[in-house]
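Step one of this worksheet: look at the structure below.
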Amino acid sequence: MPLDPSAVARFLEPLARESGEIADVFVERRQEIRLEWRDGAVGQTRRTATEGLAVRWRRGGSERICAVSRADEAGLREASRQLQAALGRGIVPIRSAAPPAGDEWRPLSGERWRKRLEATLSRHAPRHELRWTLADVDREIYPARAPAAVSARRLTSLEGTFIAPSRRGDETRRFSFHGPESETLADELREALVRAAEPRDAAVPCPEGDADVLLAAGCAAVLFHEILVHPLEGGAVSPLSGLSEARVAVPELEVRDDAARLDLFGGYECDDEGIRPRPVKLLDAGRIAGRLTSRDAAAPAGRDASNGHGRRAEPGDSPLPRGANVVVAPGSASAEEMVRRLEQGLWIDALDGGSVELASGSFRLRFPRARRVRRGRLSDELGPGMLAGEILPVLKRIETGLGREVRAYRPLGWCARGGQILPVQGEAPDVLVRGLAVRGLA
Amino acid sequence: MSRERLIERLEALAPGAWELYSKHGVSREIRHAPRETAETSRTEEGFAARWWDPAPRFAAAGDTAALAEAVERARETPAPGGSCPVWPTGAAAVPQTSSMAADESPPELHDELARLVAAESRGEATLTELTVRRGRTVERVVNAAGLDVGWGASALTGFASAVGRRGTRACEARMSFRWDGAPELATLARRLSDRATLPLSDRSAAVDRGDWLLEPSVGAALLAGLAPLFCRETTARWPARGGLLAPEVTIVDDAGPDAPFDGEGTRTRRVVVFEKGGLSLPLRDLDAARRDRAFSTGNGVRRSYRTPPRLGARRLFFETGRPAPPRELLAAVRRGLFASALTAPWRCDLENDRYEAEFTGIAVIAGRAQGPVAAARSRGRLSELLRRITALAPSGETFPSPEPVLGATLLAERVPFD
């Protein structure tokens with residue numbers, strides 16, 4: 001049940017009296033169902049219902065947050081009292097806390113999903129060890145001197161391993177799929193599982209050295225998440241800092257971060273500071289075009305300058321400017337044409353991890369498998385490996401001519417920075433990058 | 001709903017087959033970042049229930065009323081039956097829960113650490129972020145067999161980042177730490193400085209095979225990578241061949257200094273998991289104990305009240321009958337590399353007996369440092385690496401991985417490098 005905005009305003013009033021002071025109350029209610037699947041049967045079932053509330057005060061470079069694990073008025077009183085005491089402001093009088101109501105949770109059922117998963121898994125991946133999660137997250141943000149913002153998201157994930165037939169016998173494959181709940185998501189999941197279970201040739205070890213790489217099936221979203229989104233998060237110092245409007249890539253390349261895309265895992269209606277997100281062009285015609293900002297990262301311009309990217313993992317965390325959904329505009333080439341253009345190199349349709357070191361600008365992307373391309377045709381199946389490079393040289397080596405089909409990359413679901421893990425995703429066309437360092441992994 | 005009513009409800013749902021866990025935690029955190037200081041205080045209360053009706057089920061919530069509702073909803077999903085573990089019994093007084101006093105704020109370490117990092121790196125590295133958190137928890141487990149135990153724990157943890165710069169080149173270092181006693185700032189500063197500045201050197205590893213001296217943080221990363229091997233559920237076959245470490249070296253799991261009970265209420269004990277060159281007693285939680293018809297070794301690990309306990313090592317460390325001072329280990333290096341810091345997570349493929357470590361460090365010849373090595377890599381068979389460890393010096397420092405692992409300086413001979 002939402003808090004009474006007038007009560008919240010009373011608590012926030014002493015915290016935001018002076019100009020330049022930011023104060024807000026953040027409330028989160030999170031329900032989760034998790035089913036552990038093993039070979040067609042549900043093992044343990046988990047149900048969690050947690051809530052939290054945080055009162056935040058900020059001025060210039062100073063911030064204080066008090067968080068409690070209840071989301072009612074008593075929690076608001078307790079957190080406000082702690083914060084006001086810490087700041088030496090008028091103290092909220094102590095009142096005995098009302099017992100939690102315990103009946104405020106929105107109904108959440110996993111039954112429909114359980115039935116669909118049972119059918120899908122038994123048909124396409126009967127031997128498996130998978131975790132399915134349905135999370136329902138309600139957030140309320142009450143900024144001082146501004147209207148409250150409310151958002152709700154229902155997110156689904158399926159992760160784990162399954163046994164797939166391959167031409168050299170059965171093999172264990174990893175599977176990861178994340179998406180916001182929708183009517184079509186179950187079909188999308190089934191198609192992803194069918195693709196993941198396709199028979200493959202025996203993999204040979206991945207070669208080492210520099211290679212041209214075609215990132216297919218939307219997995220280029222992971223590359224751009226690492227080399228554009230993180231370096232352009234407000235406050236980040238990276239090789240892209242100070243290059244505003246500089247041309248760093250081919251004119252055809254247009255990349256934005258669009259948190260308003262609610263069909264992607266990282267989307268939201270308002271950020272964790274109560275600001276409605278705007279799509280932010282990171283790269284416009286190959287030029288650095290913008291940065292992701294929160295209220296503080298936009299300072300001193302203030303609240304209006306935030307483009308709605310202040311995000312926090314939990315109530316007790318500071319909102320940081322973070323990316324949400326990286327979206328790459330399509331080109332005009334067909335998938336076959338892209339492979340022909342590659343001529344010789346690696347075709348990769350899955351990236352299962354990535355990292356970037358902002359100070360040096362070096363990044364790494366891990367792939368579970370690849371295909372060698374010879375004379376413009378797909379050939380050998382290759383084992384796992386790592387791609388590495390540096391942000392600016394790699395942006396320059398992205399080829400003109402992107403794929404015309406843009407695909408959401410559902411295996412990308414979570415991103416960690418500063419200990420905060422947030423949902424993210426993206427979509428991208430096929431992208432050809434010349435001269436990436438490739439290394440096979442044992 | 002009161003705690004007692006909740007227990008009655010669990011007993012009605014799963015007679016003799018339930019467990020109720022609760023946790024109260026308070027913490028204070030200070031974060032220093034460029035042009036920014038943030039202080040956060042957190043108070044957390046959580047409850048979790050596990051029961052077999054006969055399907056295994058788990059529910060967690062922030063209070064008993066919400067937990068009661070989550071328990072009812074968790075029952076909605078049909079699931080096949082499972083076997084309930086044999087519950088531990090006993091009682092231990094539950095410590096009082098209280099809020100943190102003002103004097104329990106984490107210490108202000110930023111300025112001193114910044115000075116030490118700058119001094120250690122001769123001005124090449126700068127501390128960019130420091131987060132220090134002091135936390136205290138009180139946990140309690142009751143179960144259907146009459147167990148009612150509680151315990152308290154406290155910790156000083158955090159992480160620090162530094163950036164090294166030389167000309168136009170830069171390198172970032174990020175390290176998490178945990179101090180059981182007084183803050184060890186000098187050691188942390190040295191590690192940050194090494195990790196941030198050594199990769200800026202132009203030199204790569206000049207040796208393709210040689211001695212490998214592992215700094216305690218690198219040794220701890222190896223031990224953390226090996227941890228699943230010591231659990232009952234390991235399927236790796238190669239450790240059974242034995243002869244993996246020198247006979248006088250043992251690996252022990254003992255979380256006694258941290259908590260008297262594990263997340264399932266089983267009393268913590270010292271378990272020798274590796275001795276005489278081979279695996280010894282496997283670590284077990286209640287579920288593994290039920291399957292083996294054996295006793296739990298107190299290794300049900302609860303990372304949060306939101307997740308059920310899982311089998312895992314809780315506090316691993318090396319022990320040796322012949323400890324050698326780190327200086328002696330350095331003197332014993334004929335031609336090789338000192339791994340000062342990892343530049344990528346240590347990869348251990350336990351199933352296939354493979355490892356890969358990327359590190360930065362210093363070349364050593366005849367026990368003397370020759371110069372920095374920007375990047376080097378060692379990879380091969382884990383069993384071979386363990387066989388080649390000839391000496392070690394436990395450091396006593398704790399590294400969060402995320403369960404605590406105690407570091408040791410390790411010396412391995414004739415290791416391949418790229």
Note to self: Cβ-Cβ under 8 Å, sequence separation 6+ or interchain: first residue in segment B:1-14 and away from chain A (no Cβ under 13 Å) and in contact (Cβ under 8 Å) with a residue 12 or more places away in the chain, partner outside any helix (DSSP H, G or I) and of a type in the set (Val, Ile, Thr). Which pairs?
What the structure shows: B:7/B:142
Check: Tell me, which residue of segment B:15-36 that is basic (Lys, Arg) and in contact (Cβ under 8 Å) with a residue 60 or more places away in the chain is nearest to the other protein chains (Cβ to nearest Cβ)?
Finding: B:31
Note to self: I'd like the residue in segment B:276-293 that is among the basic types (Lys, Arg) and either in contact with a Gly (Cβ under 7 Å, 6 or more places away or on another chain) or under 30 Å from residue B:321 (Cβ atoms) (or both) and, out of all such residues, is modelled with the highest pLDDT.
What the structure shows: B:284
Next item on the list: Just give me the residues in segment A:33-75 being small (Gly, Ala, Ser) and either farther than 27 Å from residue A:273 by Cα or at the interface with chain B (Cβ under 7 Å from one of its Cβ atoms) (or both), in sequence order.
Entry: A:40, A:41, A:43, A:49, A:61, A:62, A:67, A:69
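Residues are listed down the side, and each one gets a yes or a no for (1) out of contact with any Asp or Glu (no Cβ under 8 Å at 6 or more places or on another chain); (2) in contact (Cβ under 8 Å) with a residue 12 or more places away in the chain; (3) within 30 Å of residue B:352 (Cα to Cα):
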{"site": "A:401", "(1), (2), (3)": "no, yes, no"}
{"site": "A:406", "(1), (2), (3)": "no, yes, no"}
{"site": "A:411", "(1), (2), (3)": "no, yes, yes"}
{"site": "A:421", "(1), (2), (3)": "yes, yes, no"}
{"site": "A:427", "(1), (2), (3)": "yes, yes, no"}
{"site": "A:433", "(1), (2), (3)": "no, yes, no"}
{"site": "A:439", "(1), (2), (3)": "no, yes, yes"}
Notebook entry, point to check: Among the helices (runs of 4 or more DSSP H) contained in segment B:283-398, which hold 2 or more residues that are touching a Phe, Trp or Tyr at 6+ places or on another chain (Cβ under 8 Å)?
Noted result: B:286-292, B:382-388
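Could you list, in sequence order, the residues of segment A:397-429 that are closer than 23 Å to residue A:175 by Cβ, in a loop (DSSP other than H, G, I, E, B) and touching a strand residue (DSSP E or B) at 6+ places or on another chain (Cβ under 8 Å)? Working first, answer last.
Keep residues of segment A:397-429 that are closer than 23 Å to residue A:175 by Cβ, which gives A:405-416, A:421-428.
Still in the running and in a loop (DSSP other than H, G, I, E, B): A:405-406, A:409-413, A:424.
Answer for segment A:397-429, where residues must be closer than 23 Å to residue A:175 by Cβ, in a loop (DSSP other than H, G, I, E, B) and touching a strand residue (DSSP E or B) at 6+ places or on another chain (Cβ under 8 Å): A:406, A:409, A:410, A:411, A:412, A:413, A:424.
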Notebook entry, point to check: Is it the case that residue A:16 is on the phi < 0 side of the Ramachandran plot, surrounded by fewer than 24 Cβ atoms within 10 Å (Cβ to Cβ) and without any contact (Cβ under 8 Å) to a residue 24 or more places away in the chain?
Noted result: no
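Right, residue A:429: in contact with a Gly (Cβ under 6 Å, 6 or more places away or on another chain) and at pLDDT 95 or above or not?
On the way: in contact with a Gly (Cβ under 6 Å, 6 or more places away or on another chain): yes; at pLDDT 95 or above: yes.
When the stated conditions are applied, residue A:429 passes them.
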Margin query: What's the number of the only condition in (1) surrounded by 20 or more Cβ atoms within 10 Å (Cβ to Cβ); (2) within 8 Å of another protein chain (Cβ to nearest Cβ); (3) not β-branched (Val, Ile, Thr) that residue B:39 fails to meet?
Written below: (1)
Item checked: residue B:154 closer than 21 Å to residue B:405 by Cα, surrounded by fewer than 20 Cβ atoms within 10 Å (Cβ to Cβ) and without any contact (Cβ under 8 Å) to a residue 24 or more places away in the chain -> yes
Notebook entry, point to check: Of the residues that sit in segment B:240-261 and are crowded, with 17+ Cβ neighbours inside 10 Å and among the aliphatic types (A, V, I, L, M), which one is nearest to residue B:400 (Cα to Cα)?
Noted result: B:255
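Among the strands (runs of 3 or more DSSP E) lying completely within segment A:101-198, list those that include at least 3 residues that are more than 30 Å from residue A:273 (Cα to Cα), hydrophobic (A, V, I, L, M, F, W, C) and away from every other protein chain (no Cβ under 14 Å).
Working: elements: A:128-143, A:149-166, A:169-180.
Hits in segment A:101-198: A:149-166.
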Check: How about segment B:78-93: which of its residues are surrounded by 20 or more Cβ atoms within 10 Å (Cβ to Cβ) and either within 16 Å of residue A:45 (Cβ to Cβ) or at the interface with chain A (Cβ under 7 Å from one of its Cβ atoms) (or both)?
Finding: B:79, B:84
Note to self: Tell me yes or no: at least one residue of segment A:336-347 is within 24 Å of residue B:379 (Cβ to Cβ) and of a type outside the set (Phe, Trp, Tyr).
What the structure shows: yes
Item checked: Search result, residues across segment B:226-244 that are part of a loop (DSSP other than H, G, I, E, B), touching a residue at least 60 places away in the same chain (Cβ under 8 Å) and in contact with a Gly (Cβ under 9 Å, 6 or more places away or on another chain) -> B:243, B:244
Notebook entry, point to check: For segment A:216-256, which residues satisfy the criterion of being within 16 Å of the chain's Cα centre (by Cα), closer than 15 Å to residue A:406 by Cα and not hydrophobic (A, V, I, L, M, F, W, C)?
Noted result: A:218, A:256
Notebook entry, point to check: Does residue B:154 fit the bill of being out of contact with any Asp or Glu (no Cβ under 8 Å at 6 or more places or on another chain), among the polar types (S, T, N, Q) and within 30 Å of residue B:187 (Cβ to Cβ)?
Noted result: yes
Next item on the list: Name the single residue, out of those in segment A:218-257 being among the β-branched types (Val, Ile, Thr) and part of a loop (DSSP other than H, G, I, E, B), that is surrounded by the fewest Cβ atoms within 10 Å (Cβ to Cβ).
Entry: A:237
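Taking residue A:194, is it in contact with a Leu (Cβ under 9 Å, 6 or more places away or on another chain) and touching a residue at least 12 places away in the same chain (Cβ under 8 Å)?
Values: in contact with a Leu (Cβ under 9 Å, 6 or more places away or on another chain): no; touching a residue at least 12 places away in the same chain (Cβ under 8 Å): yes.
For residue A:194, the condition - in contact with a Leu (Cβ under 9 Å, 6 or more places away or on another chain) and touching a residue at least 12 places away in the same chain (Cβ under 8 Å) - is not met.
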Checklist line | Test set (1) of a type in the set (A, V, I, L, M); (2) crowded, with 20+ Cβ neighbours inside 10 Å; (3) in contact (Cβ under 8 Å) with a residue 60 or more places away in the chain - residue A:262 fails condition number | finding: (2)
Check: Are any residues in segment B:52-77 facing another protein chain (nearest Cβ under 8 Å) and in a loop (DSSP other than H, G, I, E, B), and if so, which ones?
Finding: B:55, B:62, B:63, B:76, B:77
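Can you tell me which residue in segment A:140-158 is surrounded by the most Cβ atoms within 10 Å (Cβ to Cβ), limited to those that are of a type in the set (D, E, K, R) and touching a residue at least 60 places away in the same chain (Cβ under 8 Å)? It would help to see each step written out before you state the result.
Within segment A:140-158, the subset of a type in the set (D, E, K, R) is A:140, A:145, A:153-154.
Add one more test, that the residue is touching a residue at least 60 places away in the same chain (Cβ under 8 Å), and what stays is A:140, A:145, A:153.
Details: A:140: 22, A:145: 12, A:153: 19.
Within segment A:140-158, the match that is surrounded by the most Cβ atoms within 10 Å (Cβ to Cβ) is A:140.
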Item checked: Contacts under 8 angstrom Cβ, first residue in segment A:350-375 being away from chain B (no Cβ under 14 Å) and farther than 26 Å from residue A:193 by Cα, partner among the charged types (D, E, K, R) and assigned to a loop (DSSP other than H, G, I, E, B), 6 or more apart -> A:375/A:343
Next item on the list: Just one of (1) under 27 Å from residue A:314 (Cβ atoms); (2) small (Gly, Ala, Ser); (3) crowded, with 17+ Cβ neighbours inside 10 Å trips up residue A:355, so point out which.
Entry: (3)
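The values are calculated or read from the model by the stated rules, or taken from the named source; none is laboratory data. Given the structure is predicted, the values throughout are model-derived calculations rather than measurements. Cβ: placed from backbone, ideal geometry, glycine included. Neighbour counts: every protein chain shown.
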